[in-house]
Amino acid sequence: MGNLKLKELSKIGYTDNQARALVVQTMSKYYKHESTTVLLQLLKDIRLQPEQYLQDAILGKIARTFITEEKTCSFRSYELLQETGAIHTFGAKYIEASARQQMEVAMSLPISLQGAMMPDAHAGYGLPIGGVLATQNAVVPYAVGVDIGCRMALSIVDAEASYLKRFAYQLKQALKTYTHFGTDGHLEFAQEHEILDDPRFQATALLRKLHGKAVLQLGSSGSGNHFVEFGVITLQPDNAMGLPAGDYTALLSHSGSRGLGANIAMEYTRIAMDQCKLPASARSLAWLDLDAEAGQEYWMGMELAGDYAKACHERIHHNLLQALGLKPLAQVSHHHNFAWNEVLADGTPAVVHRKGATPAHKGTLGIIPGSMTTAAYLVEGLGNERALQSASHGAGRAMSRKRAKENMTVSELKKMLARADVSLIGGSVEENPRAYKDIEEIIAAQSELVTVQGRFMPKIVRMCKD
């Protein structure tokens, strides 16, 4: 895309944040190969004759910012539906009643079209974690989640499984040197990635303010259940990776968009709650209309946060593998805590929110982890429409962090790790394996959703020391 500057946009009449945000988002996605001169002329034409572009699938939203319409009130109140669509539940016996109740409330929103629950589902804030919600032309910030674009990333490397024991010391040192965990701080050496030059960082005041933190936190991980670990992956015969069956050394990571995503989530949840008034039971499920300025800004910020989370994983894997002299034979990565524009089985366009759920479209690869001592599974989606083409994003919590802390001592955790032959760097009893559901049962409950392509067992795990 030509190097469009905000000053140039102002000169040709794009003076408000809505128009600028749309221009940056649209041009960077659809017109990235055009010159600045061509883009400016196109944008001038849209401003001068917006009615000529209203029916254009790509440029219509920009044109509508120049059409004078009657102003509406700053907020609107909504009632919940008495009759709701079906919630398709998988592994129901593993899902607590409070999570089911949250999903029922979500399905009573007047914008809701279809819902599903994965077997790892448990109560969260707004939509349950493990909940999938399809809506009509609206996005619910708390159905996406606070850690926007949290994701998994797997690198299968050019080393046999025996490499892990022979080079255990070097692997541990690399994890200590080239990863950073926690809500604050950053890596001790500068990170470079094209995401830091993304023009969307200049589109709104909030994103401009968050750019500096994004620069500092690139390549780092959060707290809680985020991790970076080395282990052994056993690939099935005729696997979707196209690699020979057998055991390989692999690197697996789980983390999200850091302070960038969290701040976007909090700001636009506040705006949604101000604009969309709902009964108390559904207040946290306030939504943003995707045809409105705030909805467009949130969507742009959400996509940027997702791309930033991907960049963080790319830096983590690049830094570690380069330091150890390893090369990836195959890599898999995917978001959860995100919303996608998709089409339902009946042809209805929808916004599909997957909060703690993995995309599982037919042929799509994903990773479903267990805990620090149990297996993670490499899976291929079957495209189950009842599940909104989704699968679980992990084993799912069996107990809260508070309860996990009360029911496990450091000494007990060390014994569990020793029995599993796992080395833990950092970590806490709040993330102990008993705090999670049985990953084997959770995977078995998803035979309609995914097929297993490989089984990863962690050996050296790095987490935040809470």
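The values are calculated or read from the model by the stated rules, or taken from the named source; none is laboratory data. Because the structure is predicted, anything quoted here is derived from the model rather than measured. Every residue, glycine as well, gets a Cβ built from its backbone with ideal geometry; the counts of neighbours run over all protein chains shown. In case anyone asks, the SASA skips ligands and DNA or RNA and just uses the protein heavy atoms, side chains included. Shrake-Rupley method; radii C 1.70, N 1.55, O 1.52, S 1.80 Å.
The C-beta contact set for region 234-250 (first residue closer than 21 Å to T364 by Cβ and of a type in the set (A, V, I, L, M), second residue open to solvent by less than 40 Å² (accessible area, probe 1.4 Å) and outside any strand (DSSP E or B), distance under 6 angstrom, 6+ apart or interchain) comprises L235/L243.
Can P328 be described as open to solvent by 50 Å² or more (accessible area, probe 1.4 Å) and either aromatic (F, W, Y) or modelled with pLDDT of 95 or more (or both)? Considered against the rule, which asks whether it is open to solvent by 50 Å² or more (accessible area, probe 1.4 Å) and either aromatic (F, W, Y) or modelled with pLDDT of 95 or more (or both), P328 comes out as yes.
Residues are listed down the side, and each one gets a yes or a no for (1) more than 18 Å from the chain's Cα centre (by Cα); (2) open to solvent by 10 Å² or more (accessible area, probe 1.4 Å):
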{"site": "A106", "(1), (2)": "yes, no"}
{"site": "P110", "(1), (2)": "yes, yes"}
{"site": "I129", "(1), (2)": "no, yes"}
{"site": "A134", "(1), (2)": "no, no"}
{"site": "A143", "(1), (2)": "no, no"}
{"site": "M152", "(1), (2)": "no, no"}
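Taking region 113-125 as the range and being open to solvent by 10 Å² or more (accessible area, probe 1.4 Å) and not aliphatic (A, V, I, L, M) as the test, the residues that pass are Q114, H122, G124, Y125. Residues of region 92-104 that are in contact (Cβ under 8 Å) with a residue 24 or more places away in the chain and either open to solvent by less than 10 Å² (accessible area, probe 1.4 Å) or touching a Gly at 6+ places or on another chain (Cβ under 9 Å) (or both): Y94, I95, A99, Q102, M103.
For every residue, the table says whether it meets (1) modelled with pLDDT under 95; (2) open to solvent by less than 20 Å² (accessible area, probe 1.4 Å); (3) under 23 Å from G124 (Cα atoms); (4) in a helix (DSSP H, G or I).
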| residue | (1), (2), (3), (4) |
| --- | --- |
| A265 | no, yes, yes, yes |
| Y268 | no, yes, yes, yes |
| I271 | no, no, yes, yes |
| A294 | no, yes, no, yes |
| W299 | no, no, yes, yes |
| E303 | no, no, yes, yes |
| G306 | no, yes, yes, yes |
| A309 | no, yes, yes, yes |
| H313 | no, yes, no, yes |
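Of all residues in region 256-272, those that are touching a residue at least 24 places away in the same chain (Cβ under 8 Å) and farther than 16 Å from A205 by Cα have Cβ atoms under 6 Å from Cβ atoms of residues that are hydroxyl-bearing (S, T, Y) and surrounded by 24 or more Cβ atoms within 10 Å (Cβ to Cβ), 6 or more apart or on another chain, in S257/Y308. Residue count for region 336-364, restricted to those that are open to solvent by less than 40 Å² (accessible area, probe 1.4 Å) and part of a strand (DSSP E or B): 12.
Would you confirm whether any residue within region 384-394 is under 30 Å from Y268 (Cβ atoms), in contact with a strand residue (DSSP E or B) (Cβ under 6 Å, 6 or more places away or on another chain) and among the polar types (S, T, N, Q)? Yes; the residues of region 384-394 include at least one that is under 30 Å from Y268 (Cβ atoms), in contact with a strand residue (DSSP E or B) (Cβ under 6 Å, 6 or more places away or on another chain) and among the polar types (S, T, N, Q). Testing S223 on (1) farther than 30 Å from A159 by Cα; (2) outside any helix (DSSP H, G or I); (3) under 17 Å from the mean Cα position of the chain (by Cα), one condition comes back false. Which one is that? Against the list (1) farther than 30 Å from A159 by Cα; (2) outside any helix (DSSP H, G or I); (3) under 17 Å from the mean Cα position of the chain (by Cα), S223 comes up short only on (1). Per the conditions (1) under 25 Å from the mean Cα position of the chain (by Cα); (2) free of Cβ contacts under 8 Å to residues at least 40 places away in the same chain, the sole criterion not satisfied by A418 is (1).
Only one of the numbered conditions (1) farther than 25 Å from M273 by Cβ; (2) more than 30 Å from the chain's Cα centre (by Cα) is violated by Q82, and that is (1). For M372, state whether it is within 17 Å of D466 (Cβ to Cβ), surrounded by fewer than 20 Cβ atoms within 10 Å (Cβ to Cβ) and in contact with a Phe, Trp or Tyr (Cβ under 9 Å, 6 or more places away or on another chain). No, not satisfied.
Is at least one residue of region 164-184 more than 21 Å from the chain's Cα centre (by Cα), more than 26 Å from A339 (Cα to Cα), modelled with pLDDT under 95 and surrounded by fewer than 22 Cβ atoms within 10 Å (Cβ to Cβ)? Within region 164-184, not a single residue is more than 21 Å from the chain's Cα centre (by Cα), more than 26 Å from A339 (Cα to Cα), modelled with pLDDT under 95 and surrounded by fewer than 22 Cβ atoms within 10 Å (Cβ to Cβ). Residues in region 395-432 that are buried (at least 18 other Cβ atoms within 10 Å of the Cβ) and at positive phi: G396, G426, G427. Looking only at residues of region 433-453 that are among the polar types (S, T, N, Q) and under 17 Å from A357 (Cα atoms), we find that the one that is least open to solvent (accessible area, probe 1.4 Å) is Q446. Of the set (1) touching a helix residue (DSSP H, G or I) at 6+ places or on another chain (Cβ under 9 Å); (2) of a type in the set (S, T, N, Q); (3) open to solvent by less than 10 Å² (accessible area, probe 1.4 Å), all apply to S390 but (1).
Each residue in region 1-53 was checked for being under 32 Å from the mean Cα position of the chain (by Cα) and touching a residue at least 12 places away in the same chain (Cβ under 8 Å), and 26 of them qualify.
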